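Here the structure is laid out as structure tokens; the discussion comes afterwards.
Laboratory data are not the source of any read-out in this text; all were calculated from the coordinates shown. Just so you know, these numbers come straight off a predicted model, no measurement behind them. Cβ coordinates were reconstructed from backbone atoms using ideal geometry, including for glycine residues, and neighbour counts include every protein chain displayed.
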Amino acid sequence: MKNVLVIGSTGQIGSELTMKLRSIYSGNIVAGYIAGAEPKGELKESGPSEIVDITNRQQIAEAVSKYGIDTIYNLAALLSAVAESKPQLAWRIGMDGLFNVLEVAREMNCAVFTPSSIGVFGNNSPKDKTPQDTIRNPKTMYGVTKVSGELLSDYYFNRFGVDTRSVRFPGLISYVTPPGGGTTDYAVDIYYSAVRGEVFKCPIAAGTFMDMMYMSDGLRAAIEIMEADTSGFLHRNSFNIAAMSFDPEIIASNIRKYIPGFTMKYEVDPLRQAIADSWPNSLDDTCARREWGWKPEYDLDSMTRDMIEQLKEKGI
Ligand code: AKB
């Protein structure tokens, strides 16, 4: 049995992760949400939910105490592009929020998963097969909070023994809950346009490679790292994980295998393009593979087939 609090349970990752955790564990899997982003449908019906605003330490502590929580998935964040328009709020959620979670975890003995991102890397990091341990000098507020979050999480482990663990997520692609305000969002939006028979206006330029991952692999990574035997760990916060890397031309031509009439034109968004240009083309995930057995299941082609099938089934 496991009692888990998911903070940010109605977001892109949280909405699927909460359901997946409920399908695996018999304990309380609590959907934490903020006012205005209430759980709906199956997410609401299938288990307990509580208002848990990450900037409110008392609310986190009350939920942990009420449900005997042993593990917190801290998924509250503003994604990279939107964080540039609200950097103060991005810091409050990403850093003050993380500090609240870690303090509650220290006092109430919880393990903590906080996702990091390819956004921790910047223009001076090696671009191809970016190593696990290398320069992390992001210029975005999103990247600044993710690097600081990695350091703070390692500090809480080393100083207080809080069981903090994390992976650096690439762009996550899913047919369930759309992302909002990320740089990699185009790789989700493109499937919706293709299935609807629309011309896709791509905000990222041809030739811009970024790491991506199908959501089912991302969920598995988040669960497997928290289940892993830590005796093999040389790292904690945070592990590079990877599944595939492509640019807009490659994903568009893969979609054309299944929807031959699909067309795309470029309307590059300078903000997103600058962020994408500062991120790696691909990550080296050898340490995650070696230290806890990480392995992706989906490549671009198997993901495309499933995305198109699922979106058609949803009636998109
Ligand atoms: C974003 O684009 O901001 C996120 C990420 C890669 O962390 N999807």
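Listed by first and then second residue, the pairs linking a residue in the range 166-184 that is touching a residue at least 40 places away in the same chain (Cβ under 8 Å) and among the small types (Gly, Ala, Ser) to a residue that is within 7 Å of the ligand (Cβ to nearest atom) and assigned to a loop (DSSP other than H, G, I, E, B), with Cβ atoms under 8 Å apart and 6 or more places separating them unless they lie on different chains, are Gly171/Gly182; Gly171/Thr183; Gly171/Thr184; Gly171/Asp185; Gly180/Leu79; Gly181/Leu79; Gly182/Leu79. Looking across the range 213-261, the residues that are in a loop (DSSP other than H, G, I, E, B), under 18 Å from Tyr298 (Cα atoms) and among the hydrophobic types (A, V, I, L, M, F, W, C) come down to Ile241, Ala242, Ala243. Selection of the range 25-77 for residues being part of a helix (DSSP H, G or I) and under 18 Å from Cys110 (Cβ atoms) yields Arg57, Gln58, Gln59, Ile60, Ala61, Glu62, Ala63, Val64, Ser65, Lys66, Tyr67. Residues in the range 299-315 that are free of Cβ contacts under 8 Å to residues at least 12 places away in the same chain and loosely packed, with under 12 Cβ neighbours inside 10 Å: Glu313, Gly315. If we keep just the residues of the range 157-169 that are buried (at least 22 other Cβ atoms within 10 Å of the Cβ) and among the basic types (Lys, Arg), which is farthest from the ligand (Cβ to nearest atom)? Among residues in the range 157-169 that are buried (at least 22 other Cβ atoms within 10 Å of the Cβ) and among the basic types (Lys, Arg), the one farthest from the ligand (Cβ to nearest atom) is Arg165. Of all residues in the range 1-52, those satisfying the criterion of being surrounded by fewer than 16 Cβ atoms within 10 Å (Cβ to Cβ), in contact with a Lys or Arg (Cβ under 9 Å, 6 or more places away or on another chain) and more than 17 Å from Tyr67 (Cα to Cα) are Ile24, Glu38. Please go through the range 1-58 and give me each residue that is farther than 19 Å from Val112 by Cα and aliphatic (A, V, I, L, M), ordered by number. Hits for the range 1-58 are Ile34, Ala35, Ala37, Leu43.
Being in contact (Cβ under 8 Å) with a residue 40 or more places away in the chain, surrounded by fewer than 18 Cβ atoms within 10 Å (Cβ to Cβ) and more than 21 Å from Asp185 (Cβ to Cβ), is that true of even one residue in the range 259-271? For the range 259-271, residues in contact (Cβ under 8 Å) with a residue 40 or more places away in the chain, surrounded by fewer than 18 Cβ atoms within 10 Å (Cβ to Cβ) and more than 21 Å from Asp185 (Cβ to Cβ): present.
The condition of being within 24 Å of Ser148 (Cβ to Cβ) and in contact with a strand residue (DSSP E or B) (Cβ under 8 Å, 6 or more places away or on another chain) holds for only one of Asp299, Asp306, Asp284, Asp277, that being Asp284.
In this structure, Leu172 does satisfy being crowded, with 20+ Cβ neighbours inside 10 Å, within 15 Å of the ligand (Cβ to nearest atom) and of a type outside the set (Lys, Arg). Comparison of Glu198, Glu224 shows that the only residue that is free of Cβ contacts under 8 Å to residues at least 12 places away in the same chain and either closer than 20 Å to Ile316 by Cα or not small (Gly, Ala, Ser) (or both) is Glu198. For first residues located in the range 40-52 and closer than 18 Å to Ser23 by Cβ, partners that are aromatic (Phe, Trp, Tyr) and outside any loop (DSSP other than H, G, I, E, B) and lie 6+ apart or on another chain with Cβ distances below 9 Å form the pairs Pro48/Tyr67; Ser49/Tyr33. In the range 134-156, the residue that is farthest from the ligand (Cβ to nearest atom) out of those that are over 16 Å from Gly97 (Cβ atoms) and buried (at least 19 other Cβ atoms within 10 Å of the Cβ) is Arg136.
For the range 271-300, a residue qualifies if it is in a loop (DSSP other than H, G, I, E, B) and away from the ligand (no atom under 16 Å from the Cβ), and the qualifying residues are Asp284, Gly293, Trp294, Lys295, Glu297, Tyr298, Asp299.
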